[in-house]
Amino acid sequence: MEKRPTGEYGLSRGIGLASRLAEAGLYVFTTEDAVRLRPDDVSPTTVRYLLKLLTDAGWIIRLRRGLYAGTGRLPGGVDVPPFVIATSLVSPSAVAFLSALAHYGLTDQIPRVITAVTPRKVVVPSMREAGQAAGERGQHLWHAAGLDFRYVSILPKRFSFGIEVVWLDERFRVPVTDRERTVLDLFALPRLFGGLGEGISVLERIGEDIDLEKLVAYALRYDSVAVAKRLGWSLEQTGTGRSALIPLLELPASHFTALDPGRVRRGPRDRRWMIIDNRTEDRA
């Protein structure tokens with residue numbers, strides 16, 4: 001039977017293993033990664049034991065079962081950025097919504113929760129503890145590495161566009177919704193930004209500093225008449241009256257759409273856009 005290394009010697013062996021992973025560029029790694037890169041004289045069972053030693057001593061962080069992040073305490077290691085942790089906890093996923101808006105400098109809000117979008121149905125640990133099902137519209141947060149993460153599940157077809165991989169620094173790159181997709185999401189899911197007012201404010205600030213044709217193309221691809229009308233009306237109201245909006249204006253609509261879906265459906269009606277401007281009405 002293999003004798004497990006304990007005490008300072010055990011920590012030393014574990015730190016050596018974690019340093020190997022960092023040298024290989026695996027700053028976030030799985031148990032399988034650690035087993036694959038272990039020294040020849042360390043068994044897979046001992047690897048799991050060493051990972052527990054390192055976690056208990058604070059040299060690495062356990063994100064979830066079988067997934068770890070290194071820290072700057074390790075030789076060759078660095079602290080892993082929150083966006084990297086977010087997209088590692090759930091894969092595939094992309095940083096989105098208020099977190100992406102802040103990344104592009106398009107909001108004055110300081111997000112306290114890191115938000116990401118995914119085509120998967122996510123069950124966070126708090127859901128299991130509460131015995132609740134996945135998909136409760138983002139009511140549960142995932143707590144890891146001293147941070148809070150929220151995952152919003154969307155249709156796979158809506159995850160297939162408007163996402164780019166950006167470099168955070170020389171080591172880390174991460175999927176993030178691009179500027180135009182982030183602006184579209186302001187009107188697709190305004191509740192995640194605190195209401196439609198944030199979307200209007202962003203349009204007023206960015207003016208012409210956005211690829212309008214790309215934004216309109218995204219709105220059409222999103223395949224929601226309500227979202228397209230909400231966006232088109234708002235663009236026109238904030239000074240964008242170019243012909244690029246015609247595809248959104250001409251989309252057939254069978255009924256009026258509330259501008260802010262989080263408020264009651266009362267207010268002036270715009271028959272051109274089939275929009276109810278309900279921004280000043282009390283919340284339901």
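The values are calculated or read from the model by the stated rules, or taken from the named source; none is laboratory data. What you see is a predicted model; the values in this text were computed from it and never measured. When we count neighbours, we look across all protein chains shown, and the Cβ atoms used for this are built from the backbone with ideal geometry, even at glycine.
A few notes on this one:
- Test: residue in segment 81-91 that is under 30 Å from PRO111 (Cα atoms), without any contact (Cβ under 8 Å) to a residue 40 or more places away in the chain and touching a strand residue (DSSP E or B) at 6+ places or on another chain (Cβ under 7 Å): no
- Single condition SER91 does not satisfy, out of (1) touching a Leu at 6+ places or on another chain (Cβ under 7 Å); (2) loosely packed, with under 14 Cβ neighbours inside 10 Å; (3) of a type in the set (S, T, N, Q); (4) at pLDDT 95 or above: (1)
- Residue that is free of Cβ contacts under 8 Å to residues at least 24 places away in the same chain, of a type in the set (D, E, K, R) and surrounded by 14 or more Cβ atoms within 10 Å (Cβ to Cβ), where the choices are ARG65, ARG13, ARG36: ARG36
- So THR115, is it touching a Lys or Arg at 6+ places or on another chain (Cβ under 9 Å) and either under 14 Å from VAL176 (Cα atoms) or of a type in the set (Gly, Ala, Ser) (or both): yes
- Check on THR45, surrounded by fewer than 19 Cβ atoms within 10 Å (Cβ to Cβ) and closer than 22 Å to PHE83 by Cβ: no
- In segment 247-257, the residues that are surrounded by 11 or more Cβ atoms within 10 Å (Cβ to Cβ) and free of Cβ contacts under 8 Å to residues at least 24 places away in the same chain: PHE256
- In segment 233-259, residue nearest to PRO156 (Cα to Cα) [restricted to those that are part of a loop (DSSP other than H, G, I, E, B) and polar (S, T, N, Q)]: SER254
- Matching residues, segment 16-33, being part of a helix (DSSP H, G or I), free of Cβ contacts under 8 Å to residues at least 24 places away in the same chain and more than 13 Å from ARG48 (Cβ to Cβ): GLY16, ARG20
- Exactly one residue out of ARG150, ARG181, ARG205, ARG230 is basic (Lys, Arg), in a strand (DSSP E or B) and either buried (at least 17 other Cβ atoms within 10 Å of the Cβ) or modelled with pLDDT under 95 (or both): that is ARG150.
- Yes/no for GLY241 being touching a residue at least 60 places away in the same chain (Cβ under 8 Å), under 26 Å from PHE161 (Cα atoms) and either surrounded by fewer than 21 Cβ atoms within 10 Å (Cβ to Cβ) or in the same structural domain as ALA116 (by TED's automatic domain parsing) (or both): no
Quick grid of which residues meet (1) among the acidic types (Asp, Glu); (2) touching a helix residue (DSSP H, G or I) at 6+ places or on another chain (Cβ under 9 Å); (3) not assigned by TED's automatic domain parsing to the domain that holds HIS143:
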position	(1), (2), (3)
SER12	no, no, yes
ARG20	no, yes, yes
VAL28	no, yes, yes
ASP41	yes, no, yes
VAL47	no, yes, yes
LEU50	no, yes, yes
ARG73	no, yes, yes
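- In the set (1) in a loop (DSSP other than H, G, I, E, B); (2) at pLDDT 95 or above, the condition left unmet by THR107 is number (2).
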